[in-house]
Amino acid sequence: MPTIEKAPFSGKLPLKLAIVGGGRACKFFLKLIGLGNLPYLQIQIIGVCDINPRAEGFRMAQRMGIYTTTDFRDLFSLDGLDGIIELTSNRDVLVELIQLRPARIGIIEHNIGRLLRNLFKVDQRLRSAEQQIVFEKALRDFLIQQNQQCIVVINTDFTIDSVNDAYLQTVNKSREAVIGAPCYQVIHNLAAPCDALQNGVVCPMLETLRTGQSTQGIHSLTAGESTTALYDIVTYPVRNAKGDIVRVIEIWMDIEREIASRWKKREQELRSDLNKLIQEDRMISLGKLVASCVHEINNPIQGLLTFSHIIKEMLSADTLTQAEIGKLRGFTDLMADELDRCGKIISSLLSFSRTSKDTFRTIHLNEVISTVIDLVRHRMELQDIVFKMDLTDAPLFVHGDINRLQQCFLNLIFNAIEAMGPGGRLGIVSRRIDDQRLAEVAIEDSGHGIARKHLNHIFDPFFTTKPMGQGTGMGLSIVYGVVKNHRGEIRVESVVDQGTTFTIQLPLVRAVSEQDGKPG
């Protein structure tokens with residue numbers, strides 16, 4: 001007799017099924033089968049039916065390349081179909097399936113399908129227990145490695161179980177030299193656990209083993225031949241199912257680096273706050289400027305209105321004499337000058353009110369001062385203030401933000417104007433201090449002065465000697481912040497009833513013209 005070769009038995013019975021009901025249960029079922037099969041069954045879903053083509057299980061089957069249809073009778077013609085799982089929970093659908101199915105095809109109703117689904121869950125939980133352990137270890141290693149702080153896991157016999165790269169860099173040793181070695185040997189080069197270190201600092205590891213609680217301590221570690229760093233060490237006990245400590249996790253934080261990081265963050269916050277205060281103060285200053293500029297613009301407008309009436313009357317005549325034509329030309333020249341004056345005022349206000357990002361560049365300090373004076377000149381004229389400006393001809397190039405410096409000088413000038421009555425004297429002097437590479441600007445007024453007891457507080461935020469409602473007290477604190485931000489110094493001299501002088505010094509930089517075309 002001829003020998004019949006049989007296909008090798010894999011130990012699993014193949015089973016081809018189709019699903020009627022392409023909703024959430026179908027989607028879940030497809031996911032379960034995708035994860036793995038029952039020990040003795042090799043299930044393959046070869047068809048899915050649902051009257052709603054947009055059902056989530058129906059669409060998932062399409063993405064998986066499984067045959068889909070909206071009429072369950074189409075499933076009967078699938079090659080090798082062993083049975084249909086009914087997941088609609090609709091009694092009428094189940095009855096119709098049973099009545100129309102071919103004899104070779106079995107029907108698994110919803111409740112049996114649910115039981116099968118639960119069997120899948122149990123099987124998956126059992127099969128994934130070992131995988132879960134591997135996953136958790138991988139997850140632990142990942143979290144340890146991704147942390148920027150030093151992390152070390154230590155066994156209760158003081159041998160090191162695992163570490164991250166940051167720890168290896170800190171102790172300056174390889175992973176092979178650290179894993180399995182005693183922590184006291186790796187860290188302090190000791191032959192036995194350290195009961196107490198220098199200055200009586202208790203070992204956090206020992207303290208956690210003794211108390212069973214998380215412990216914190218500060219230790220010094222010599223990173224090189226002479227460099228010593230301070231670390232804040234926090235320990236956390238790891239317990240087993242019985243509650244016994246099996247490991248201790250140590251997390252090290254470089255105190256100096258943390259302080260530097262926090263300081264940098266705080267510095268950024270202060271810079272942001274200063275920017276906001278400067279912008280708010282700029283709007284207050286703009287309000288003061290607008291109030292005085294309205295009067296300054298009103299005068300030329302009145303002149304233009306008068307000239308327009310005169311010109312209108314002259315042009316109403318049939319003929320004009322040469323003298324009248326000459327007057328018309330004179331009037332138009334005056335009107336052009338007045339309009340140009342108004343345009344400059346408006347342009348200055350628009351330029352001052354425009355919000356811009358911090359831009360540090362090389363600027364001429366005298367030009368900043370001149371721009372501010374153009375903005376407040378009419379305010380001084382209205383108050384009958386005697387103004388004198390003496391700006392040096394020497395170049396005063398500084399590295400700074402033009403908007404901030406404008407605000408700085410504007411606040412000082414406004415303070416001086418408000419401290420003086422009609423007939424007061426205001427002087428601005430700039431000079432260059434070559435031996436110190438400094439630009440110096442002095443603003444002197446003949447106002448009521450500042451009492452000696454207040455001189456140490458005038459730059460404090462919200463400090464003001466003005467009556468309630470006449471000032472926020474932020475002007476001079478903003479001035480101080482701007483000067484310091486430009487690496488400068490500010491000092492004040494004042495005598496009550498005689499006046500005040502503010503002196504600002506900023507570091508000079510070289511302009512292009514001073515370096516034969518080389519930027520400084």
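The values are calculated or read from the model by the stated rules, or taken from the named source; none is laboratory data. Keep in mind the model is a prediction, meaning the values are calculated, not measured. Here the Cβ is made from the backbone with ideal geometry for all residues, glycine too, and neighbour counts use every protein chain on show. Just the protein is used for accessible areas: all its heavy atoms, side chains included, with ligands, DNA and RNA removed. Shrake-Rupley method; radii C 1.70, N 1.55, O 1.52, S 1.80 Å.
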Q | Virtual spin-label span in nm between LEU190 and LYS265, 7 Å along Cα→Cβ | A | 3.3 nm
Q: For region 43-55, just list the computed ³J(HN,Hα) in residue order, Karplus coefficients 6.51, -1.76 and 1.60, θ = phi - 60°, integers in Hz, with x standing in for Gly and Pro.
A: 8, 10, 8, 10, x, 9, 10, 7, 6, 10, x, 9, 4
Q | Probe 1.4 Å - accessible area at ARG377, Å² to nearest ten | A | 90 Å²
Q: Take MET380, MET314 and sort them by solvent-accessible surface of the protein heavy atoms, 1.4 Å probe, largest at the top.
A: MET314, MET380
Q) Can you give the accessible area of ILE369 in Å² (nearest 10), computed on protein heavy atoms with a 1.4 Å probe? A) 0 Å²
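Could you put GLU489, GLU440, GLU418, GLU313 in order of accessible surface area, largest first, with the 1.4 Å probe and the full protein assembly present?
GLU313, GLU489, GLU418, GLU440
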**Q.** Potential lengthening between GLU176 and ALA394 on full extension [0.36 nm per residue; Cα-Cα distance subtracted]
**A.** 71.8 nm
(Q) I'd like the trypsin sites (Lys or Arg not before Pro) in region 47-79 restricted to DSSP loop residues with at most 10 other Cβ atoms within 10 Å, sorted by number. (A) ARG54
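Hey, got a sec? Which chymotrypsin sites (Phe, Trp or Tyr not before Pro) in region 156-191 land in a DSSP loop and have at most 16 other Cβ atoms within 10 Å? Walk me through the intermediate numbers first.
Values: sites: PHE158, TYR167, TYR184; in loops: PHE158.
Passing sites in region 156-191 do not exist.
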Q.
What does the extension gain come out to for VAL246 and SER220, with contour length at 0.36 nm per residue minus their alpha carbon separation?
A. 6.7 nm
Q. Given 0.36 nm per residue, what is the gain on full extension from HIS454 to ILE325 after removing their alpha carbon distance, in nm?
A. 40.0 nm
Q. For the pair THR362 and ARG210, how long in nm is the line joining their label points, each one 7 Å along Cα→Cβ?
A. 6.6 nm
**Q.** Distance in nm between pseudo-label sites at ARG487 and SER89 (7 Å out along the Cβ direction from Cα)
**A.** 7.4 nm
